[in-house]
1. What is the set of long-range amide H partners of ARG18 at a cut-off below 5 Å, with H atoms built 1.01 Å from backbone N?
2. If you count the DSSP beta bridges with both ends in the chain, what percent of them are antiparallel, to the nearest 5?
3. How much solvent-accessible surface does THR70 expose, in Å² to the nearest 10, with a 1.4 Å probe and all protein chains in place?
4. Region 13-70: which trypsin sites (Lys or Arg not before Pro) are DSSP loop and have at most 15 other beta-carbon atoms within 10 angstrom?
5. When only the heavy atoms of the protein chains count and the probe is 1.4 Å, how do LEU75, LEU43 rank by accessible area, highest first?
6. Rolling a 1.4 Å sphere over the protein heavy atoms, what is the accessible area per residue of the chain, to the nearest Å²?
7. At 222 nm, what value in deg cm²/dmol follows for the chain if DSSP H runs of at least 4 each add -39500 (n - 2.57) and the sum is divided by all its residues, to the nearest 500?
8. Could you please report the charge total around PRO76, scoring K, R as +1 and D, E as -1 over all other residues with beta-carbon less than 10 angstrom from its beta-carbon?
Amino acid sequence: MITVGYYAAAEDAAGTARERLHTAATTIGELAAEICERHGEPLASIVTVSSFLVGESTTRDPAASLDEVTAIDVLPPFAGG
């Protein structure tokens, strides 16, 4: 089980700020594909340009491991930052 947080445009596209998922994903790329399939094109177009916050680290690496990760945040590009 993993908690996925959505911020800014990702929250609008997903229709929720946070959700808990039962997933077999082992990498960020696999999880990203799963949430894109779950929520459709509006979120998919945002996820492709987003970074992911895992603990205190931000990554865009789709091969990054989700071992022992219980929460991840989808961070789309923010205006002005």
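The values are calculated or read from the model by the stated rules, or taken from the named source; none is laboratory data. Because the structure is a prediction, the values reported are computed rather than measured. Here the Cβ positions follow ideal geometry from the backbone for every residue, glycine too, while neighbour counts run over all protein chains shown. All accessible areas refer to the heavy atoms of the entire protein, side chains included, with ligands and DNA or RNA removed. Shrake-Rupley method; radii C 1.70, N 1.55, O 1.52, S 1.80 Å.
1. TYR6
2. Rounded to the nearest five, the antiparallel share is 75 percent.
3. Counting only protein heavy atoms, THR70 exposes about 100 Å² to solvent.
4. Here the trypsin sites (Lys or Arg not before Pro) that fit, given the DSSP loop and packing criteria, are ARG60.
5. LEU75, LEU43
6. I get 58 Å² per residue for the chain.
7. Estimated from H runs of four or more residues: -8500 deg cm²/dmol.
8. -2
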